[in-house]
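Q: Let me begin by handing over the structure; questions about it come next.
The numbers here are math on the coordinates, done by the rules we state, and not lab data. Just so you know, these numbers come straight off a predicted model, no measurement behind them. In this analysis, Cβ positions are derived from the backbone assuming ideal geometry, glycine residues included, and neighbour counts consider all displayed protein chains.
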There are 2 protein chains.
Amino acid sequence: MWAGGGAVGGPLLTDLYQFSMAGAYWRAGRHREPAEFELFFRRCPFQGGFALAAGLDACLAFLRAFRFSPADIEYLESVLPVTTEKAFFDYLRTVDASEVSISSVPEGSVVFSRVPIFQVKGPLLVVQLLETTLLCLVNYASLVATNAARFRLKAGPDKKLMEMGLRRAQGPDGGLSASKYSYVGGFDFTSNVLAGQLYGIPVRGTVAHSYVSSFTSLAEVNPRVLRPLSGGEPVDFPALVEAWLSKVCQLLRVPLARVNRGEQAAFVSYAITFPHNFQGLLDTYCVLRSGLPNFCAVALALNELGYRAIGVRLDSGDLARQSVEIRQAFRTCSTHFQVPWFERVPIAVSNDVSESSLEELAQEVKMASAFVGRRGGGPCSSRAFAAAHLGKGTGFPCMDLMSLEDELPPRAGEEAEVRLLGRGKESRKVTPAAVEILHRLYLRDGQVCQALPSLEEIKKHAQASVRKLNPAHKRLQDPEAYQVAVTQKLHALLTDLQRDGQ
Amino acid sequence: MWAGGGAVGGPLLTDLYQFSMAGAYWRAGRHREPAEFELFFRRCPFQGGFALAAGLDACLAFLRAFRFSPADIEYLESVLPVTTEKAFFDYLRTVDASEVSISSVPEGSVVFSRVPIFQVKGPLLVVQLLETTLLCLVNYASLVATNAARFRLKAGPDKKLMEMGLRRAQGPDGGLSASKYSYVGGFDFTSNVLAGQLYGIPVRGTVAHSYVSSFTSLAEVNPRVLRPLSGGEPVDFPALVEAWLSKVCQLLRVPLARVNRGEQAAFVSYAITFPHNFQGLLDTYCVLRSGLPNFCAVALALNELGYRAIGVRLDSGDLARQSVEIRQAFRTCSTHFQVPWFERVPIAVSNDVSESSLEELAQEVKMASAFVGRRGGGPCSSRAFAAAHLGKGTGFPCMDLMSLEDELPPRAGEEAEVRLLGRGKESRKVTPAAVEILHRLYLRDGQVCQALPSLEEIKKHAQASVRKLNPAHKRLQDPEAYQVAVTQKLHALLTDLQRDGQ
């Protein structure tokens, strides 16, 4: 089953041209040349200053299962050019990821544009076949996690955020991935039950408008009694609510005749079924003249029997203005009926949040990959990047420095000469107060060689990672650009490569 | 495996509130009440005048497998309110889609806003549980198919369109669904090999820039010989290309020294491997001074040995302008070297096409569902909609008319009194020249009762469906709005329902 992350897809989940190229490399005897590619993005998504890296776990799962079934080979034989030699397909039968290695930032880390999220090394043919799939698994995961982190920053640390985009997702798996990576990025809940089952994400949800509008009057409510929490005789709950409704309408100056009786019946029926979990969906009819008094009446009746309603939900209209008016009504009821907790009844809003996020998702950044090394046939390992966050005295990281793998990494307190990317031609000297090496080896020759964190741990790491970031870089609009630099030696290599390419 | 369409997901692939509502309906003894919902959209996507309905096949697959496993029940017990009775879960164990019926327009049909794509009928509890999943399966499928149909209209009937969005999709399944439904909407190929294997969609692809840049000189080419198509001695192919390159550069007035030798080696090596399938990716270095002469040299050398190159691809820059210059160069070579087919070498462009479509996808229409009927407890069947395209003498359908299921359907040549939706309060008389009933019963009591078309047939139906549409409605910008009307009887019912809702 694809399950957006815990997922394992087959090796055919890639673009056909990867196989044409593999065939050409094989024919030229180059298939086992050492090769590597780096996965990075060119601009931060959402016009922001940072991104969260996600999808590593899904990539590792994909790699562990990477091999061709007889049916895969048969299909490839039917679509590759007829001149493709049989021996190439025989070779593909032997291919797996047992010579592939991956270094990556830990999943959930803050990353910046142009700094690789991960590096894949292995035989040219295999690495080529992996490119599309790894891009696919990391691209969407990172975008969703980044988007969620931005919502979390906007909402502040205390507000609860719930993802409920399944019905508008790119199919079932798009929805599952969205649930998973929204959670990583800082959401608290999902409405998607399967995501809850597969990933352990807390699920939430009560009723839809269709439930509310499926009732027309209190006569339809059945059963009609509710036992107080502390025990004792069952109470005629519709009658109790009816009594409360008169008091509430009088207090809030709402004409009793305007209150929708179907809505009242729906609330009453739901509260009898789930007295600990009553949430009022207020906007099926009129929020202030019907949804609100009905909620207050049911919640106060529940309160009389010892139960607390869990809150209200608004799904349309001017959410901010309505929230203020609702809060005011809760205060009035709290004081008048002497029910202190009532002034703090949670107000949930659900509206186009997911659409505006979808809209942003579309202005997405292309995740790109660059094959480096192999030019001229030298050994590849010396061409790989290493990267580190450099910190200043402020405690915030202030620059990412990429170096060649065979250079000594930067060290705290030691001066280094660097070139800032995209800032002119001058080199410049920096002396970091702290150095954090970004990439770790996760896969060595096809074997996972690092304990993999749980989803909960990834989420915590993401939150910590965002917290450590200088507020100037995490502003949602017009953030200050984070500095990315390369060592003099890497700069020289890049200049060479560019010259070759002219 | 989720496979976007042929897919089967489990019954937990839905929002939690569907289960809360199911629990409340069950507790109130309403779970077996007959219910139905209609799936429709409020506005056509992409500011267009029509949409293509897709996803029915995936919905039917989902319904056929709809039942709860012991693990599903156990998970639900852990997340629903603690007061939920055990008997509710026992009931869920017995639930399946054996009492569900679906009427739908055939997959691939043109549909308009507010006219239901399909209607789902069955016991209230089951129908409620299905809502999110069916929306998820139809929403994205229809958007992608509609988007593809718009590209097809824009490109005209002859140009080839290829989908290659896997690396930017919402995970593996988002990519597979995109391949499948782009094909339905009018695309010819996909790059996604798994989509080819699963759905039989033709796959295409040759090389990426990384392949081209992995070579530096002709010395790296191995093997170096190619046998003529008609047989005979193998030829030193790099030498033959080298000779052609001089002639081409002279003819096109390109300095030989500016031609990139790595690109030349990549083209040569690929052509030796796949002489029937050589495509030149022209924009790794300079299109006009390197990619183009290198392509011409290799293609003309292949031609000398009896092979035809399949074309060129441009992936960056001003695609329109470059295409014109390339076509001109092909004509020049064709005439000068007397190779008639050369002036018609196909030019493929691949650039932000998929992004602009993604961008549009984000401004997507919400697919909505409306539960109708059941108000007041009457039998539901009389509340269902029927809908028909009405045609005028022009041969184009010009109005969709929705009526109640127990009304006689409109008939060609017979006058009917209708109310146009969104056009004032007057009724109006129409006499259709032709009537096409839109919905067919696909699922009766859980059993598929209609032969299901193949993907190829769905694609053909979609193309025919778009062809039949009046050009005024399929204009990509500012299309003329298609008329949607209801019968007097349905109008009266809707007015009643609205009044109840006040």
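Q: Across peptide B:136-146, what mean number of C-beta atoms from other chains lies inside 10 Å of a residue's C-beta?
A: Across B:136-146, the average partner-chain Cβ count within 10 Å equals 3.
Q: Let me ask another. Label points 7 Å out from Cα along the Cβ direction at A:N222 and B:A155: separation in nm?
A: Using points 7 Å along Cα→Cβ, the separation is 5.8 nm.
Q: To continue, here is another question. Using a Förster distance of 56 Å, how high is the FRET efficiency between B:A243 and B:T394, based on the Cβ-Cβ distance and rounded to 0.05?
A: 0.35
Q: OK, next. For each pair in A:K86/B:K180; B:K154/B:K459; A:K160/A:K468; B:K154/B:K468, compute the distance between the two Cα atoms and list the pairs where it is over 24 Å.
A: Beyond 24 Å between Cα atoms: A:K86/B:K180.
Q: So how far, in whole Å, is the C-alpha centre of the stretch A:236-267 from the one of the stretch B:413-469?
A: One Cα centre to the other: 45 Å.
Q: Cα centroid distance between the stretch B:165-197 and the stretch A:99-151, in Å?
A: 21 Å
Q: Also, quick follow-up: Using the Kirkwood radius built from alpha carbon pairs, what does the Stokes-Einstein equation give as D for the stretch A:135-187 at 37 °C and 0.692 mPa s, in µm² per second?
A: Stokes-Einstein gives a translational diffusion coefficient of 296 µm²/s.
Q: Give me the percent relative contact order of the stretch A:405-502, please, defined on Cα pairs under 8 angstrom at least 6 residues apart.
A: 29 percent
Q: Moving on. What's the exposure ranking of B:E242, A:E36, going from fewest to most Cβ atoms within 10 Å?
A: Starting with the residue having the fewest Cβ neighbours, the order is B:E242, A:E36.
Q: Apply the Kirkwood formula to the stretch B:211-361: the hydrodynamic radius equals the inverse of the mean of 1/r over all pairs of different alpha-carbon atoms; give it in Å with one decimal.
A: The Cα-based Kirkwood calculation yields 15.6 Å.
Q: Please give every one of the aspartates and glutamates within straight-line cross-link reach of A:K121, meaning a C-alpha to C-alpha distance under 16 Å, and leave out same-chain neighbours fewer than 8 residues apart.
A: A:E33, A:E36, A:E38, A:D96, A:E99, A:E131, A:E405, A:D406, A:D445
Q: Starting from the Cα of A:T332, step 7 Å along the direction of its Cβ; do the same at A:S454; then give the gap between the two resulting points in nm.
A: Result for the modelled spin labels: 4.7 nm.
Q: Here's another thing I want to ask about it. Return the inverse of the average 1/r over all pairs of distinct C-alpha atoms in the protein assembly as shown, which is the Kirkwood hydrodynamic radius, in Å to one decimal.
A: Taking the inverse mean of 1/r over all distinct Cα pairs, the protein assembly as shown comes out at 31.2 Å.
Q: I need A:C449, B:C333, B:C44 ordered by Cβ neighbour count within 10 Å, fewest first.
A: By the 10 Å Cβ count, ascending, the order reads A:C449, B:C44, B:C333.
Q: Take every Cα pair under 8 Å in chain A that's 6+ residues apart, average their separations, divide by the length, and report that relative contact order as a whole percent.
A: 19 percent
Q: Sticking with this one: Per the Kirkwood definition applied to all pairs of different Cα atoms, how many angstroms is the hydrodynamic radius of chain B?
A: 26.2 Å
Q: For peptide B:181-194, compute the average count of partner chain beta-carbon atoms within 10 Å of each residue's beta-carbon.
A: Taking the mean over all residues of the peptide, I get 3.
Q: So, one more: Going by C-beta contacts inside 10 Å, put B:I102, A:I437 in order with the fewest on the left.
A: A:I437, B:I102
Q: Determine the calculated [θ] at 222 nm for chain A from helices alone, applying -39500 (n - 2.57) to every DSSP H run no shorter than 4 residues and normalising by the residue count; nearest 500 deg cm²/dmol.
A: Result for chain A: -12500 deg cm²/dmol, rounded to the nearest 500.
Q: What FRET efficiency comes out for the pair A:A434/A:R42, r = Cβ-Cβ distance, R0 = 35 Å, nearest 0.05?
A: 0.80
Q: Sticking with this one: How many times 2.2 N^0.38 Å is the alpha carbon radius of gyration of the stretch B:21-178?
A: 1.26
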